[in-house]
Each structure stands twice: as structure tokens, then as C-alpha cells.
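Throughout, read-outs are computed from the coordinates displayed, never taken from laboratory work. The structure displayed is predicted, hence computed values, not measured ones. Heads up, the Cβs are rebuilt from the backbone with ideal geometry, glycines too, and the neighbour counts pull from every protein chain shown.
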Amino acid sequence: METILVVDDTKTNLNILIELLGDSYDIIAAISGEMALEIIEEEKVDLILLDIMMPCMDGFEVCAKLKNNPKTKDIPIIFITAKIDEESIEKAYDIGGSDYVTKPFKPKELQARVKRELELIKLQNELQLLASTDPMTNLYNRRYFTKISEHIMDLAIRKDESLSVLMLDIDKFKSINDTYGHQIGDEVIISLANELQEHQRKSDIVCRFGGEEFVILLPNTLLDGAQILAQKMRQSVEENILKIKDYTLSFTVSIGVAQIDIKTEKNIEKALNRADKALYKAKNNGRNQVCIS
């Protein structure tokens with residue numbers, strides 16, 4: 001169930017909202033703006049129904065605080081109000097509200113507006129996921145990797161933490177496609193993606209960079225540690241025997257390793273170039289090996 005926070009200083013209104021929505025959603029009730037802000041810090045909430053006219057802190061002030069907080073700014077808010085003047089409605093939208101429902105509540109209208117808002121959230125999440133992931137492997141795509149690597153690098157610079165990157169490529173992938181066909185080639189790419197996910201740590205970012213090439217960002221990792229992780233991945237891939245349809249096959253990867261100099265480098269591009277050069281060195285040295293920049 002989605003979770004809805006309902007905020008109203010009148011208990012009768014809260015009871016009505018719980019009765020109308022409680023069978024379909026997980027409802028959390030708050031009788032003041034202050035209580036709502038406390039709850040939102042502790043609970044994951046999908047939608048907020050927020051009364052405008054409340055003592056001490058009205059709904060507009062609560063909404064402003066939520067929209068100014070990076071943690072809560074994306075939670076949609078439906079205002080519930082007895083005020084139907086144009087100025088109040090305009091202010092509700094200007095301050096960040098998604099919709100409004102007037103009192104006294106019309107059950108079907110309330111349920112329809114809540115349902116529509118939650119469906120919009122679900123659709124936005126699906127679109128965001130599609131925009132950030134590679135459809136074949138479900139790993140992050142290159143576009144999202146570029147975006148998130150900037151955030152992780154900024155964090156590493158602020159905390160003065162090490163940061164390394166791996167770039168790996170399937171050896172003789174063209175030969176795999178030529179011998180077994182592109183469908184089997186796709187299965188090999190998916191198999192490698194699964195293998196990398198099994199070995200990634202919670203903080204690591206694994207990305208399909210393009211074709212048969214993958215990149216892994218390793219927060220809080222020095223060059224030596226990155227090399228050890230790369231060797232474990234390379235060995236695991238080499239030992240994995242695939243059974244795909246009527247075929248039994250194995251493959252290897254070459255890996256380039258580089259550490260990002262957080263003292264002098266402002267983005268990840270130079271480190272990616274060094275990792276790419278180390279990768280090609282591994283290829284030229286006979287493949288199925290790890291080379292460091």
C-alpha cells in the first residue's frame with residue numbers, strides 16, 4: 001500500500017479521511033503542522049493531504065518547509081480546504097501544491113484525485129527508471145552514470161575520500177557474435193552484468209557504458225584496492241561456464257583501473273581516459289588481465 005499522511009487539526013475531518021481512504025492506503029494522521037513535520041522525518045510518505053487553516057502553523061507554511069527540504073520536496077501535496085476564493089487556490093499552487101480538494105469532502109472526488117496523483121507518481125518513477133537504466137541489463141546507463149558520478153565526486157572531494165574507477169570490456173566479443181549469433185551475444189552481456197552485480201559493494205556504481213563495455217565507480221577505494229576488486233571480477237568471469245540454449249561457452253574480460261585525483265581533478269573524465277588506456281594496454285598484452293593506470 002502507498003502511504004498517505006493526512007494533516008488536519010479537526011479530528012472529525014481526520015476520521016472522515018481515514019474512513020474514505022483507509023481500505024486502499026496506509027494512512028498516517030497528524031493534528032498539526034508541527035506533528036506532520038516530525039512524522040515526515042521518520043516515515044516514508046507517498047502523498048500528503050494538507051489542511052490549509054490550522055493554528056500555529058498553517059498549511060501554506062508546512063508546504064513551504066517541505067518544499068525547501070531536499071528530502072521531502074518531491075512528495076506531492078493535495079491541499080484540503082474550506083477556502084474556495086481564487087487567491088487561496090492560486091497560492092496553493094504557487095507554493096508547490098499539486099491539487100486541492102474542498103470541504104465538505106465529496107467521497108468520489110477525493111478518492112479520484114488521490115488515485116490520480118498516486119498514479120502520476122508511479123508513472124514518473126517508471127519514466128525516471130527508464131531514463132536512467134540500460135534496458136538489456138537493468139544496470140545504470142551512461143547518461144545516468146555521468147550524472148551520478150558528478151555527485152559522488154563532489155562528495156569525495158568534500159570528505160577527502162579516495163575514488164577509483166574500473167573500465168572493462170568483453171574479450172573477442174565480435175568473435176562470440178560471429179560464432180553464436182547476436183542473441184547469444186546479448187545473453188553474454190547480460191551474464192556479465194549479473195556477475196558484476198554479484199561482486200559490487202553497496203556503494204559501488206555499475207554501468208553499461210556501451211556495447212560490451214562496462215564502467216564501475218568505486219567510492220572510498222584506493223588504486224591497490226581497486227586492482228584487487230578488478231582481479232576478483234576478472235577471475236570470476238573466467239571461471240563462469242555459461243549454458244545458453246544448446247551452447248556451452250565461456251568468455252573473459254580485460255580491465256583497466258585508475259584512481260581519481262580528487263585534489264586536482266574536478267570531474268571523472270580524465271580518470272576514465274586513463275582507465276580506458278589501461279584497458280587497451282590489457283587488450284594489447286594478451287587480454288584476460290588487469291592493468292592499472
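Annotations
- Degrees, to the nearest 10: 223-239 long Cα axis against longest axis of the chain: 80
- Counting only DSSP beta bridges whose two residues both lie in the range 142-292, roughly 90 percent are antiparallel.
- Whole-number D in µm² s⁻¹ for the range 3-130, Kirkwood Cα-pair radius fed into Stokes-Einstein, 10 °C, 1.306 mPa s: 108
- Rg/Rh for the range 142-292, where both radii come from Cα atoms and Rh is the Kirkwood radius: 0.99
- A dipole drawn for the range 147-240 from +1 and -1 charges on Cβ atoms has a positive end, and of H182, M233, I152 the residue lying farthest that way is I152.
- Compactness index (Cα Rg / 2.2 N^0.38 Å), the range 162-240: 1.14
- The range 217-293 - convex hull of the alpha-carbon atoms, volume per residue in Å³: 104
- Antiparallel %, DSSP beta bridges [both residues in the chain], to 5: 50
- Distances between placed amide hydrogens fall under 5 Å for F209 paired with F214, V215, all partners being 5 or more residues away or on another chain.
- Of T137, S24, T81, farthest towards positive along the dipole that unit charges on Lys, Arg, Asp, Glu beta carbons give the chain: T137
- With the largest listed first and rounded to whole Å, the semi-axes of the equivalent ellipsoid of the chain from the Cα gyration tensor are 52, 23, 14.
- Within straight-line cross-link reach of K115, lysines at Cα separation under 19 Å, skipping those fewer than 8 residues along the same chain: K44, K103, K106
- Degrees, to the nearest 10: 269-284 long Cα axis against longest axis of the chain: 30
- Translational diffusion coefficient (Stokes-Einstein; Kirkwood radius from C-alpha pairs) of the range 12-81 at 20 °C, 1.002 mPa s, in µm²/s: 172
- Taking a Cβ cut-off of under 9 Å around C207, the surrounding Lys, Arg, Asp and Glu residues balance to a net charge of +1, with basic ones at +1 and acidic ones at -1.
- Charging the Cβ of each Asp and Glu at -1 and of each Lys and Arg at +1, and nothing else, the dipole of the range 3-130 about its Cα centre rounds to 260 debye.
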